[in-house]
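Worksheet: one structure, shown below.
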Amino acid sequence: MIAGLAFYFFAFILIAAAVMVVTARNPVHSVIWLIAAFFNAAALFLIAGAEFLAMILVIVYVGAVAVLFLFVVMMLDVDFAQLREGVQRYAPIGAVVGGILFLELLLVLSVWRFAPDAAALRMAPMPEGVTNTEAIGRILYTDHIYLFQISGLILLVAMIGAIVLTLRDRPGTKRQDVGAQIARSSAVAMARPELGEGIRREDILRPLPPPAKEAPKPVTHEGGHH
Amino acid sequence: MTEFLNTPLGVLALTVAQALALLVPVLIGVAYLTWAERKVLAAMQLRRGPNVVGPFGLLQPFADAIKMLMKETIIPSGASRLLFLAAPILTFVLAMIAWAVIPVADGWAIADINVGILYLFAISSLGVYGVIIAGWASNSKYAFLGALRSAAQMVSYEVSIGFVIVTVLLCVGSLNLTEIVRAQATVWFVIPLFPMFVIFFISALAETNRAPFDLPEGESELVAGFFVEYSSMSFALFFLGEYANMILMSALATILFLGGWLPPLDIAPFNWVPSPIWFALKVAACLFVFIWARATFPRYRYDQLMRLGWKVFLPFSLLWLVLTAAVLKLTGWLPA
Amino acid sequence: MNWTLALPELVLALSGLAILVAGVLPRRDMTFPCTMMVLGAFLLSGAFVLTQPDGMGFGGQYISDAFARFMKVLVLAGAALALLLALDWNRAEGLSRFEYPVLVLFATLGMMVMISANDLMSLYLGLELLSLPLYVMAAFHRDNARSSEAGLKYFVLGALSSGLMLYGMSLVYGFAGTTNFAQLAQVLGGTAPISAGVVVGIVFIITGLCFKVAAVPFHMWTPDVYEGAPTSVVAYFATATKVGAIAAIVRVLAGPFGGAVDQWQQVIVLASIASMILGAFAAIGQTNIKRLMAYSWISHTGFVLMGLAVGTEAGLRGVLIYTPIYLMMSLGAFSVLVAMRRNGHAVENIQDLAGLGRTDPAMALGMAIFMFAMAGIPPLSGFFAKLYVLLPAVEAGFWLMAVVAVLSSVVSAYYYLRVVKVMYFDASTGALDARPSGVSFVLAGTGLFTMFFFLMPAPLLAAARQAVAALIG
């Protein structure tokens, strides 16, 4: 009973948050709603008993991905008014497409039935006596190793792509070379120079030339006042 | 009595009591950590530190707290009010709820969940939101710069912390914190995994925005960084959150590497001391190093910080992870 | 497990990683060595493909059969030749970075995964591994606003189509209870009526795949991306990736969904007719030759889909014959496009070819051959390609499609021949720069194939027949 209530509670908030992501005026608020949606999805995973997935969802999506989202959204100066304009213009088309998809889903769900062979073909359920972390690990690194490795390659390509499109070697950039910095210690020496004298000639702070005495202004209009 | 404890209300009451029993010591610990920090820093700089309020200045934290409470809460006119107020609360709450899974002795955890370490990792990775939201909601340049620095910094160092945790998990074979401590009955992980302990500790410094990685605050260039606009209790909540996070990170280091509540040697004089005392002592030792580092090192430059995280710690911890896995596999020590 | 079966993919992936390291570590320009290494990797992988035995690997997620080998050889050949074309062009445009060959390698690997997919999951991941490098490559000329725009446009639309496809896959999985192709064929091939959920799922998957092969009405990105992206990248888009996309759509529709042919046939027929018509008419007004090639491809897609829509053994064989012939024509045409450079600047208008018949007769002759072949004029290879998809359609009684095909062929002949007319009869506006040797090599090879295919069509026909037999069993 409590689990059922909790499910509806989190599911409702999840959908509400998702709606707010789309409708919020300020993109930063959108991202924060997105984070709320992630949290509720994690809670739903917890209710389903998938604690590992729940935690990974929070760590990866909330802890890293959404932070970077937020970072980017805060840095970019998004013109809200302009964005709104586009929404106004395309909202009817979007609504129609969305409506069609929704009707389609309804249609599909109304004839829901399992394929006759589906039960036999279903993937193995979680084995008994194993935590779900271990169960995921077992299936991920054995049965699905092929897909796992391809996913890794996709991420690698994404990384290469990001570097290709953004990294620039500007001439004249100064870079720290830690090795060189540490190795230069022989070139630096401690010295105790006399007060007022530098180590080398050029370092000596020469006394300023004495300020030139201001020549008294030549008085030109002698006896100008009486 | 036991009947009452089995009713839903009883469970709730028991949980609240447990939470209070854990959080009150933690908060007192936070209060005295501020005092200890000032004392230790003073000693290292040949000063006396707080010594006026109460004997040895012991009442100083309470004096500070009262002062904070009496001040006016200022909300800048350009700020996003709701988020501005939510940020310190978030920081504080996150620092507190993480304690739910910390075992201070065998079986003494409020929630001894299967994926305890992941829970802690998740909560600590959320800490960045308090900072970044505060910086943005303040609508101030300094605060925003601090928030951006902190976002990049904390995400970067989380990566290496993640690898350190995975290395420990390889040696344990469980994500449960109690199991992690129990696995150290023969030898604390700090000995076989010493380089990982160093990386973890330095990353913890960065993760809690402590010196020498306190760029998000960066007094000398950003005034006070992300909380420059905060005053009164909202400021105090950040302060409490930061120090509670320090204690949390120390507790995590204790659990992962220093054998948790276990005594150093399981022989007569040591195992007379109750487990929670050992736990507290180890946490205190870690905290001392936190303060020590602050007294000793100058602040890192931002590019150095990023270089350390991505070009030194990340490859090294990856390498060590592979090495650990290989050693465990070849010697057959891999936990089933 | 049987992982040795996937040796071609493994070799390619591992050499990709090694080449990446080899490109990063030395502190000098590694573009040329990396390109050569990637070509070597393609060659090695191709050798493994040819010796690959039949079978399934990785718990049924990977399949090796005659169809996969046929398509993989084409993809590897297309990718290698396109890379060869890109080498000079990228250097001239200041784009020579070692990541380019590496991205080509990973995209090619994605296609191979897709071709060998025996599971919706591996299909999808292969598709993503193909698409991601393509988005980056489209924006490879990052200082050029048009190239960036092309990359962004392609990315947004590609992500949308991937999403639709994934949605379809989840529906199919939800209603059929499996993602494995063999099991899906079993579920859908039975006498039981196919549930609406699976049908909607299949339609969404077709949508995603149609986006990849640029069939109308999911073609809008093609002209813009072709125009904006660097020509060297377009040469890859228009050749190797098209083969991969065709392979994917054939594999999916003829394999697991072969039992549901009645459900998707009208969709493909419609897409085929629309593509042929649009490809024929929209190309007429184009002045940019890259856009012209984009519309030309859309019309070719129509022909390929026609063979698929027929769905018979002969129709599929037509598709498999069409693919290599198109690959060769397209590579040849793009070798000319890549060589279009005047005073060091790339030019891409049809008028820039004016007078090529006098200034560079060899290249003009090649281009003329490709244009005639694309128009389907006998005895060039393009004629046979069209013939082999047209005949099954007529035999199977798809009269409307066949008539549209013939008419659109006539219309499209106009713009192909216009290119030839510009080359031979318009006054020259100045000679193009001397073509690099890589271009000459590709031009000669593809030109000879296109010209003399009719002398020796037997090996290709035999291979295609074998591949089709493996596909429909």
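When you scan the range B:101-120, how many residues do you find that are in contact (Cβ under 8 Å) with a residue 24 or more places away in the chain and open to solvent by 30 Å² or more (accessible area, probe 1.4 Å)? Full working, then the answer.
Of all residues in the range B:101-120, those in contact (Cβ under 8 Å) with a residue 24 or more places away in the chain come to B:101-110, B:112-118, B:120.
From the residues that got through so far, the ones that are open to solvent by 30 Å² or more (accessible area, probe 1.4 Å) too are B:106-108, B:110, B:112-114.
Counting residues in the range B:101-120 that are in contact (Cβ under 8 Å) with a residue 24 or more places away in the chain and open to solvent by 30 Å² or more (accessible area, probe 1.4 Å) gives 7.
For A:R175, are the conditions met, namely being over 23 Å from A:L53 (Cβ atoms), at pLDDT 75 or above, within 14 Å of chain C (Cβ to nearest Cβ) and not in a helix (DSSP H, G or I)?
Judged against the criteria, A:R175 is a match.
Just to be sure, is C:G259 out of contact with any Phe, Trp or Tyr (no Cβ under 6 Å at 6 or more places or on another chain), over 11 Å from C:L305 (Cα atoms) and open to solvent by 30 Å² or more (accessible area, probe 1.4 Å)?
Working: out of contact with any Phe, Trp or Tyr (no Cβ under 6 Å at 6 or more places or on another chain): yes; over 11 Å from C:L305 (Cα atoms): yes; open to solvent by 30 Å² or more (accessible area, probe 1.4 Å): yes.
Yes, satisfied.
What number goes with the only condition from (1) facing chain A (nearest Cβ under 10 Å); (2) in contact with a Leu (Cβ under 8 Å, 6 or more places away or on another chain); (3) surrounded by fewer than 24 Cβ atoms within 10 Å (Cβ to Cβ); (4) without any contact (Cβ under 8 Å) to a residue 60 or more places away in the chain that C:G59 does not pass?
(2)
Matching residues to (1) within 11 Å of another protein chain (Cβ to nearest Cβ); (2) within 25 Å of C:G279 (Cβ to Cβ); (3) in contact with a helix residue (DSSP H, G or I) (Cβ under 7 Å, 6 or more places away or on another chain):
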position	(1), (2), (3)
C:L171	yes, no, yes
C:G177	yes, no, yes
C:A192	yes, no, no
C:A196	yes, no, yes
C:V213	no, yes, yes
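Using the structure shown, decide if C:A462 is at pLDDT 90 or above and in contact with a helix residue (DSSP H, G or I) (Cβ under 9 Å, 6 or more places away or on another chain). Steps first, answer last, please.
Numbers: at pLDDT 90 or above: yes; in contact with a helix residue (DSSP H, G or I) (Cβ under 9 Å, 6 or more places away or on another chain): no.
Here the answer is no, as C:A462 does not meet what is asked.
Determine, yes or no, whether A:G98 is farther than 30 Å from C:T108 by Cβ and at pLDDT 80 or above. Step through it out loud before you land on a result.
On the way: farther than 30 Å from C:T108 by Cβ: yes; at pLDDT 80 or above: yes.
Judged against the criteria, A:G98 is a match.
Listed residues B:A147, B:A134, B:A143; which is open to solvent by less than 10 Å² (accessible area, probe 1.4 Å) and within 11 Å of chain A (Cβ to nearest Cβ)? Steps first, please.
Working: B:A134 fails: within 11 Å of chain A (Cβ to nearest Cβ); B:A143 fails: within 11 Å of chain A (Cβ to nearest Cβ).
Among B:A147, B:A134, B:A143, only B:A147 is open to solvent by less than 10 Å² (accessible area, probe 1.4 Å) and within 11 Å of chain A (Cβ to nearest Cβ).
If we keep just the residues of the range C:15-49 that are polar (S, T, N, Q) and more than 14 Å from chain A (Cβ to nearest Cβ), which is farthest from A:I160 (Cα to Cα)?
Here is the first cut: in the range C:15-49, the ones polar (S, T, N, Q) are C:15, C:31, C:35, C:45.
Cutting the leftovers down to more than 14 Å from chain A (Cβ to nearest Cβ) gives us C:35, C:45.
Values: C:T35: 16, C:S45: 22 Å.
The residue in question is C:S45.
Between residues in the range B:59-79 that are touching a residue at least 40 places away in the same chain (Cβ under 8 Å) and residues that are assigned to a loop (DSSP other than H, G, I, E, B) and open to solvent by 50 Å² or more (accessible area, probe 1.4 Å), which pairs lie under 9 Å by C-beta distance while being six or more apart or on different chains?
Between residues of the range B:59-79 that are touching a residue at least 40 places away in the same chain (Cβ under 8 Å) and residues that are assigned to a loop (DSSP other than H, G, I, E, B) and open to solvent by 50 Å² or more (accessible area, probe 1.4 Å), the close pairs are B:I74/B:E229; B:P76/B:N139; B:P76/B:E229; B:G78/B:N139; B:A79/B:N139; B:A79/B:E229.
Given the condition hydrophobic (A, V, I, L, M, F, W, C), open to solvent by 40 Å² or more (accessible area, probe 1.4 Å) and not in a helix (DSSP H, G or I), answer yes or no: does some residue in the range A:70-84 qualify? Talk me through it step by step, then tell me what you get.
Taking the range A:70-84 and keeping what is hydrophobic (A, V, I, L, M, F, W, C), we get A:70-76, A:78, A:80-81, A:83.
Still in the list and also open to solvent by 40 Å² or more (accessible area, probe 1.4 Å): A:71-72, A:75-76, A:78, A:80-81, A:83.
With the extra rule that they be not in a helix (DSSP H, G or I), the set shrinks to A:76, A:78.
Within the range A:70-84 (the criterion being hydrophobic (A, V, I, L, M, F, W, C), open to solvent by 40 Å² or more (accessible area, probe 1.4 Å) and not in a helix (DSSP H, G or I)), the answer is yes, since at least one residue qualifies.
Pick from B:S174, B:S124, B:S140: which is out of contact with any helix residue (DSSP H, G or I) (no Cβ under 6 Å at 6 or more places or on another chain), of a type outside the set (K, R), under 16 Å from B:G241 (Cβ atoms) and touching a residue at least 12 places away in the same chain (Cβ under 8 Å)? Show your work before the answer.
Working: B:S174 fails: under 16 Å from B:G241 (Cβ atoms); B:S140 fails: under 16 Å from B:G241 (Cβ atoms).
So the residue among B:S174, B:S124, B:S140 that is out of contact with any helix residue (DSSP H, G or I) (no Cβ under 6 Å at 6 or more places or on another chain), of a type outside the set (K, R), under 16 Å from B:G241 (Cβ atoms) and touching a residue at least 12 places away in the same chain (Cβ under 8 Å) is B:S124.
Residues in the range A:21-33: is at least one part of a loop (DSSP other than H, G, I, E, B) and either open to solvent by 40 Å² or more (accessible area, probe 1.4 Å) or in contact with a Leu (Cβ under 7 Å, 6 or more places away or on another chain) (or both)? Spell out how you get there, then give the answer.
Step one: of the range A:21-33, the residues part of a loop (DSSP other than H, G, I, E, B) are A:24-26.
Of the ones still in play, those that are also either open to solvent by 40 Å² or more (accessible area, probe 1.4 Å) or in contact with a Leu (Cβ under 7 Å, 6 or more places away or on another chain) (or both) are A:25.
Yes.
Looking at the range A:1-32, which of the residues that are at pLDDT below 90 and of a type outside the set (A, V, I, L, M) is farthest from A:G98 (Cα to Cα)?
A:G4
Looking at the range C:84-92, can you tell me whether even one residue there is small (G, A, S) and in a helix (DSSP H, G or I)?
The initial filter retains those residues of the range C:84-92 that are small (G, A, S), namely C:86, C:92.
From the residues that got through so far, the ones that are in a helix (DSSP H, G or I) too are C:86, C:92.
Yes: one or more hits.
Please verify whether the range B:179-201 includes one or more residues that are within 17 Å of the chain's Cα centre (by Cα), under 16 Å from B:N245 (Cβ atoms), more than 11 Å from every other protein chain (Cβ to nearest Cβ) and open to solvent by 10 Å² or more (accessible area, probe 1.4 Å).
Within the range B:179-201, one or more residues are within 17 Å of the chain's Cα centre (by Cα), under 16 Å from B:N245 (Cβ atoms), more than 11 Å from every other protein chain (Cβ to nearest Cβ) and open to solvent by 10 Å² or more (accessible area, probe 1.4 Å).
Please identify the pairs in which a residue from the range B:178-194 that is more than 11 Å from B:G259 (Cα to Cα) has its Cβ atom under 7 Å from the Cβ atom of a residue that is of a type in the set (S, T, Y), counting only partners at least 6 apart or on another chain.
Hits for this filter: B:L193/B:T167.
Mind telling me which of the residues C:M137, C:M169 ends up being within 16 Å of the chain's Cα centre (by Cα) and modelled with pLDDT of 90 or more? It would help to see each step written out before you state the result.
On the way: C:M169 fails: within 16 Å of the chain's Cα centre (by Cα).
Matching residue, one of C:M137, C:M169: C:M137.
Taking the criterion of being at pLDDT below 75 and in a helix (DSSP H, G or I), would at least one residue in the range A:122-144 satisfy it?
So the first thing to find is which residues in the range A:122-144 are at pLDDT below 75, and the list is A:122-129.
Still in the list and also in a helix (DSSP H, G or I): none.
No, the range A:122-144 contains no residue that is at pLDDT below 75 and in a helix (DSSP H, G or I).
For a quick check of your reading of the model, give me the residue pairs whose first member lies in the range A:54-74 and is facing chain B (nearest Cβ under 7 Å) and farther than 17 Å from B:G127 by Cβ, whose second is part of a helix (DSSP H, G or I) and of a type in the set (G, A, S), with beta-carbon atoms closer than 8 Å and at least 6 apart or on different chains.
What qualifies is A:M74/B:A147.
In the range C:213-242, which residues are open to solvent by 10 Å² or more (accessible area, probe 1.4 Å) and not in a helix (DSSP H, G or I)?
C:V216, C:P217, C:F218, C:H219, C:M220
So that you can scan it fast, the table gives a plain yes or no per residue for (1) modelled with pLDDT of 90 or more; (2) among the small types (G, A, S); (3) over 23 Å from the mean Cα position of the chain (by Cα):
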residue	(1), (2), (3)
C:A393	yes, yes, no
C:V406	yes, no, no
C:S409	yes, yes, no
C:S428	no, yes, yes
C:R435	no, no, yes
C:G445	yes, yes, no
C:L448	yes, no, no
C:L471	no, no, no
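Of all residues being buried (at least 22 other Cβ atoms within 10 Å of the Cβ) and more than 11 Å from every other protein chain (Cβ to nearest Cβ) in the range C:150-167, which is farthest from C:L123 (Cα to Cα)? Just the residue, please.
Checked the range C:150-167; the qualifying residue farthest from C:L123 (Cα to Cα) is C:A150.
Taking the conditions exactly as written (farther than 24 Å from C:M114 by Cβ, touching a residue at least 60 places away in the same chain (Cβ under 8 Å) and within 15 Å of the chain's Cα centre (by Cα)), does C:Y295 satisfy them or not? Let's see the steps before the verdict.
Values: farther than 24 Å from C:M114 by Cβ: yes; touching a residue at least 60 places away in the same chain (Cβ under 8 Å): yes; within 15 Å of the chain's Cα centre (by Cα): yes.
Considered against the rule, which asks whether it is farther than 24 Å from C:M114 by Cβ, touching a residue at least 60 places away in the same chain (Cβ under 8 Å) and within 15 Å of the chain's Cα centre (by Cα), C:Y295 comes out as yes.
For the range C:169-198, which positions are in contact (Cβ under 8 Å) with a residue 12 or more places away in the chain, part of a loop (DSSP other than H, G, I, E, B) and open to solvent by 20 Å² or more (accessible area, probe 1.4 Å)?
Hits for the range C:169-198 are C:G190, C:I194.
Restricting to the range B:55-84, count the residues that are within 14 Å of another protein chain (Cβ to nearest Cβ) and assigned to a helix (DSSP H, G or I).
4
The values are calculated or read from the model by the stated rules, or taken from the named source; none is laboratory data. Just so we're clear, the structure is a prediction, and the values are computed from it rather than from any experiment. Here the Cβ is made from the backbone with ideal geometry for all residues, glycine too, and neighbour counts use every protein chain on show. For accessibility, only protein heavy atoms count, side chains too; no ligands or nucleic acids. Shrake-Rupley method; radii C 1.70, N 1.55, O 1.52, S 1.80 Å.
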